[in-house]
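**Student:** This is the structure, below, for whatever I ask next.
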Amino acid sequence: MSSTHTNRTEAADLAEVAAAIRAHDRFVVTTHENPDGDALGSLLAMTLALRELGKDAVMYLFGEVPIPNEYEFMNFAGLLRGPNPDTSDRVVLALDAANERRLGPEGTLLAKAQFVIDIDHHHDNTRFGQVNLIVGHASSTGEILRDVFAAIDVELTPEIAEALYIAVVTDTGRFQYTNTTPKALRLAAELVEAGADVHRVFQGVYESLEFAKLKLLGRALDRARVLEGGRLVVSYLLRSDYTDLNVAEAYSEGIIDYLRAVEGAEMAALIREPPRRDGPLRRVSLRASNDELDVSAIARKSDGGGHRQAAGFSSDASVEEITEFIHREFRAAAGA
């Protein structure tokens, strides 16, 4: 598909999303389970933008897993957790979720929804909404939301700008990953001009490391294995690691980046046994160090997905079996 055709399609999808937002008044804004900075920043920014328009908007996150400590400085007052809220008279606005399974079990949140809007930057998004805005080349879902806000005439308040900045800065790895485009950098400047407090965000997200998370990182590093001459790095965390340290699964956020940073590593994988037993036995995060290796293709072979350089899947297989699968797929994908 040509870039001109793609741009026309994205423009039409953006117009559809803007029209749908204007046409409705009551919203449930949600994002994927185990949310990262892009998910949480987008969740907060979208909710604030809808309220600027006079809409009735509530935030919802599936499950009881605490928000990661590094995002606790954000204002999530009124955030709904636990069982799905009643969506029969509300529009569900889903953000940064590649498929409806990431919003909760069996798509129950969407089943009774009045209408569903899907906004995301995962290139393998299943387009599960009545209207969908999927921009696979965007640095983050937060970047897409800036265009949505312009289309619905929402001005950037300092609070909205800071939430969007959190989305962009975290998903670009502090503007160091290959998804850091000129547009992302220009957007960052615009958000700072609109009132985003760069230093407050830096301190909150990157300088609030709890000692227990450092201990958890130590366990992952201690178990790290290098395969294929150092081109692949794999490690794992056991359920007992979380219980011994009395931490939630969210504490493992970011640990895989230490594995990816190993010299010569082209791909890293972190296998986790979630401390809660009401989900899959193991979750797997995959990261690539270059755009030539598509880890989302590997994840899809186990019913997962994501981006070319950041993806994941769930599995009931053993740590050893998952490691063998990853090793085998890496060899096939990288020509090892």
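The values are calculated or read from the model by the stated rules, or taken from the named source; none is laboratory data. Computed from a predicted model, the values in this text were never measured in an experiment. Neighbour counts run over all protein chains shown; Cβ positions are idealised from the backbone, glycine included. Please note that ligands, DNA and RNA were not included when accessible areas were found on the heavy atoms of the full protein model with its side chains. Shrake-Rupley method; radii C 1.70, N 1.55, O 1.52, S 1.80 Å.
**Student:** Leaving ligands, DNA and RNA out of it, work out the accessible area of residue 258 with a 1.4 Å probe and give it in Å² to the nearest 10.
**Tutor:** 130
**Student:** Share of antiparallel DSSP beta bridges in the chain, in percent to the nearest 5?
**Tutor:** 40
**Student:** Could you work out [θ]222 nm for the chain from helices alone, using -39500 (n - 2.57) per DSSP H run of at least four and dividing by all its residues? Round to the nearest 500 deg cm²/dmol.
**Tutor:** Only helices count here, giving -12000 deg cm²/dmol.
**Student:** Which one is right for this structure if Cα extents along the principal axes in Å is calculated from it: (1) 54, 46, 41; (2) 84, 45, 36; (3) 63, 43, 35?
**Tutor:** Checking each listed value against the structure points to (1).
**Student:** Sticking with this structure for a sec: What angle do you read, to the nearest 10 degrees and between 0 and 90, between the alpha-carbon axis of helix 37-52 and the longest principal axis of the chain?
**Tutor:** Approximately 10 degrees, to the nearest ten.
**Student:** If ligands, DNA and RNA are left out, what is the accessible area of residue 127 with a 1.4 Å probe, given in Å² to the nearest 10?
**Tutor:** The accessible area comes out at roughly 110 Å².
**Student:** Something else now. Just to confirm a number: summing +1 for Lys and Arg and -1 for Asp and Glu over residues other than residue 175 whose beta-carbon lies under 15 angstrom from that of residue 175, what do you get?
**Tutor:** Here the count lands on -2.
**Student:** Compare the Cα positions of 11, 237, 305 along the charge dipole of the chain (+1 at Cβ of Lys, Arg; -1 at Cβ of Asp, Glu; about the Cα centre) and return the one farthest towards the positive end.
**Tutor:** The one lying farthest along the dipole's positive direction is 237.
**Student:** Additional query: Provide the percentage of antiparallel DSSP beta bridges, counting only those with both residues in the stretch 204-336; round to the nearest 5.
**Tutor:** Around 75 percent antiparallel, to the nearest 5.
**Student:** Starting at 0 and stepping by 5 Å, how many percent of the alpha carbon pairs of the stretch 85-124 end up in each bin?
**Tutor:** 6, 26, 32, 24, 10, 3, 0
**Student:** How tilted is helix 319-334 with respect to the longest principal axis of the chain? Cα atoms for both, answer in degrees (0 to 90, nearest 10).
**Tutor:** 80
**Student:** Give, to the nearest whole percent, the P(r) tail of the stretch 170-254 beyond 15 angstrom, counting all Cα pairs.
**Tutor:** 70
**Student:** Another question, then. How big is the stretch 115-260 in terms of Cα radius of gyration and Dmax, in angstroms?
**Tutor:** 18.4, 53
**Student:** When all protein chains stay in place, what accessible area (Å², nearest 10, 1.4 Å probe) is found for residue 260?
**Tutor:** The value for residue 260 is about 40 Å².
**Student:** Residues of the stretch 152-185 with amide nitrogen under 15 Å from the 7 Å Cα-to-Cβ point of residue 77?
**Tutor:** 159-160
**Student:** Residues of the stretch 31-48 with backbone nitrogen within less than 20 Å of a virtual label 7 Å along the Cα-to-Cβ line of residue 157, please, listed as ranges.
**Tutor:** The answer is 40-48.
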